[in-house]
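The values are calculated or read from the model by the stated rules, or taken from the named source; none is laboratory data. These numbers were taken from a predicted model, which means no experiment stands behind them. All Cβ positions, glycine included, derive from the backbone under ideal geometry; neighbour counts span all protein chains shown. Heads up: the accessible areas ignore ligands, DNA and RNA and are worked out on the full protein's heavy atoms, side chains in. Shrake-Rupley method; radii C 1.70, N 1.55, O 1.52, S 1.80 Å.
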Amino acid sequence: MGDTEPIMQVEGHEAGLVIDVVASSQAVAADIIPIASHTGLHTPIPEHDGLISNFAYPFSPGGIDAGPVYQFCANHVWRLDDPCMPFKMSLFDL
């Protein structure tokens, strides 16, 4: 926001939220998206009066059909002496 930014220090005063709707069918998911969008768009902001929103859409259109999704299930257990063993790690002094 440049010069209009109310807080110049980066302290995490803003948040981004992407609503991901996963349902039993594409039709059900498509029915939920406008409800979530409308609710977020028209939820009042306590510090402001009138029809103001702080909602933005990262996609166009605002709701997209992404197709089927799959559920991952880990059906195994690793017994590890070191929990970092399965992951490649590098440490650098800068």
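If you roll a 1.4 Å probe over the chain with all protein chains in place, what percent of the accessible area is carbon or sulfur? Mind dumping the intermediate values first?
Numbers: 5470 of 9250 Å².
That fraction is 59 percent.
In the context of the full set of protein chains, residues of the chain present 98 Å² of accessible surface per residue (probe radius 1.4 Å, heavy atoms only).
With mean projected area of the Cα convex hull in nm² in mind, check (i) 7.6; (ii) 5.7; (iii) 12.7 and report the label derived from this structure. The listed entry that was calculated here is (iii).
Taking each DSSP H run with n ≥ 4 as -39500 (n - 2.57) and averaging over every residue of the chain yields -5500 deg cm²/dmol at 222 nm. Protein-only accessible surface at a 1.4 angstrom probe places the residues V22, V28 in the order V22, V28, largest first. When peptides 55-61, 29-35, 79-85 are ranked by their average number of other Cβ atoms within 10 Å per residue, the highest-first order is 29-35, 55-61, 79-85.
With the simple model of a label 7 Å out from the Cα in the direction of the Cβ, S90 to S25 spans 5.0 nm.
Across segment 31-37, rounded Karplus estimates of 3J(HN,Hα) from the backbone phi angles (6.51 cos²θ - 1.76 cosθ + 1.60, θ = phi - 60°) give 6, 6, 3, x, 5, 5, 5 Hz, Gly and Pro being marked x.
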